[in-house]
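Novice: Here it is: the structure, laid out below.
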Amino acid sequence: MSSVVYLYLKAFHIVGVVSWFAGLFYHGRLLVYHVEALSLPEPRRSVLASQYQIMESRLFHIIMNPAMGVTLVTATVMLVTTTGRAYVTQPWMLAKLVLVAVLIAFHFWMRRLMLRLAAGRVEGSTEWFRLLNEVPTLILVLVTLLAVFKGAVPWGGVGAAGAVLVVAILIGVRLYGRHRRRKESSRRVSDPERV
């Protein structure tokens with residue numbers, strides 16, 4: 001396979017990855033909003049839940065699935081090339097492939113959650129869904145570090161970056177939850193008729 005074809009594969013692989021992650025990020029946000037909508041009184045509950053259900057389904061089937069497909073097909077073809085075969089046994093690539101497997105499982109788990117919310121079943125708090133929404137961020141950071149450093153991966157640095165990111169995400173979600181509760185509390189005090 002010529003180097004030009006490999007570069008085209010790599011370019012479309014990057015496009016697939018960017019599109020897939022954009023879908024994962026937005027889908028997670030929609031699930032958060034859907035959970036929040038299910039706690040509202042009628043008729044707002046039904047109207048918003050129905051709209052989120054449509055948006056989640058379209059995003060998943062029209063954007064996320066095809067983007068994942070492009071990502072996986074181009075990656076597979078690149079890995080069977082001479083250049084790709086040289087990478088397959090390297091520790092950084094094996095770690096990256098494990099993270100991709102986790103991301104694929106996460107992708108389909110999001111589908112399961114989407115279907116449960118469509119049936120009106122909530123399996124966690126909005127804070128839990130906000131934390132869940134950060135899983136793709138963590139994977140993206142780790143995969144990017146592995147891809148950039150390749151054979152010279154500073155494993156301790158990658159582990160430290162992952163740990164710092166997890167702590168930052170946990171703190172951020174906690175602080176945001178507190179901020180929202182205070183804001184909702186003050187809104188109820190200033191306007192008791194508002195639901």
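Novice: Look at Arg116 and say whether it is out of contact with any strand residue (DSSP E or B) (no Cβ under 7 Å at 6 or more places or on another chain) and under 16 Å from Leu24 (Cα atoms).
Specialist: It is false that Arg116 is out of contact with any strand residue (DSSP E or B) (no Cβ under 7 Å at 6 or more places or on another chain) and under 16 Å from Leu24 (Cα atoms).
Every residue, every condition in (1) part of a helix (DSSP H, G or I); (2) surrounded by 14 or more Cβ atoms within 10 Å (Cβ to Cβ); (3) acidic (Asp, Glu); (4) modelled with pLDDT under 80, yes or no:
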| position | (1), (2), (3), (4) |
| --- | --- |
| Leu138 | yes, yes, no, no |
| Val141 | yes, yes, no, no |
| Val148 | yes, no, no, no |
| Ser185 | yes, no, no, yes |
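Novice: Continuing with the same structure: Determine which member of the set Gly84, Gly157, Gly162, Gly124 is farther than 20 Å from Leu59 by Cα and not in a helix (DSSP H, G or I).
Specialist: Gly124
Novice: Take the stretch 98-157 and flag every residue that is among the basic types (Lys, Arg) and over 30 Å from Arg45 (Cβ atoms).
Specialist: Answer for the stretch 98-157, where residues must be among the basic types (Lys, Arg) and over 30 Å from Arg45 (Cβ atoms): just Lys150.
Novice: A further question follows. Looking at the stretch 42-60, I want the residues that are over 15 Å from Leu31 (Cβ atoms) and have a partner that is of a type in the set (Ser, Thr, Tyr) and surrounded by fewer than 12 Cβ atoms within 10 Å (Cβ to Cβ) with Cβ atoms under 9 Å, at least 6 apart or on another chain. Which pairs are those?
Specialist: Arg45/Ser39
Novice: Which of the residues spanning the stretch 80-129 are aromatic (Phe, Trp, Tyr) and surrounded by 14 or more Cβ atoms within 10 Å (Cβ to Cβ)?
Specialist: Of everything in the stretch 80-129, those that are aromatic (Phe, Trp, Tyr) and surrounded by 14 or more Cβ atoms within 10 Å (Cβ to Cβ) turn out to be Tyr87, Trp92, Phe106, Trp128, Phe129.
Novice: β-branched (Val, Ile, Thr), more than 21 Å from Val135 (Cβ to Cβ) and without any contact (Cβ under 8 Å) to a residue 12 or more places away in the chain, is that true of Thr83?
Specialist: no
Novice: Looking at the stretch 41-54, which of the residues that are of a type outside the set (D, E, K, R) and over 18 Å from Arg130 (Cα atoms) is surrounded by the most Cβ atoms within 10 Å (Cβ to Cβ)?
Specialist: Leu48
Novice: Assuming Val173 fulfils every condition listed in (1) farther than 30 Å from Ile54 by Cα; (2) at pLDDT below 85; (3) assigned to a helix (DSSP H, G or I) apart from one, which condition is it?
Specialist: Unmet condition: (1).
Novice: Of the residues Pro154, Pro91, which single one is of a type outside the set (D, E, K, R) and either without any contact (Cβ under 8 Å) to a residue 24 or more places away in the chain or in contact with a Ser or Thr (Cβ under 6 Å, 6 or more places away or on another chain) (or both)?
Specialist: From the options Pro154, Pro91, the qualifying one is Pro154.
Novice: For Ala105, all conditions in the list (1) part of a loop (DSSP other than H, G, I, E, B); (2) aliphatic (A, V, I, L, M); (3) closer than 30 Å to Gly151 by Cα hold save one; what is the number of the exception?
Specialist: Going through the list (1) part of a loop (DSSP other than H, G, I, E, B); (2) aliphatic (A, V, I, L, M); (3) closer than 30 Å to Gly151 by Cα, Ala105 breaks only (1).
Novice: Further, regarding this structure: Hey, can you tell me all the residues within the stretch 94-134 that are β-branched (Val, Ile, Thr) and touching a residue at least 60 places away in the same chain (Cβ under 8 Å)?
Specialist: If the condition is that a residue be β-branched (Val, Ile, Thr) and touching a residue at least 60 places away in the same chain (Cβ under 8 Å), then Val122, Thr126 are the ones that fit.
The values are calculated or read from the model by the stated rules, or taken from the named source; none is laboratory data. Please read these numbers as outputs of a predicted model, since none were measured by experiment. Every residue, glycine as well, gets a Cβ built from its backbone with ideal geometry; the counts of neighbours run over all protein chains shown.
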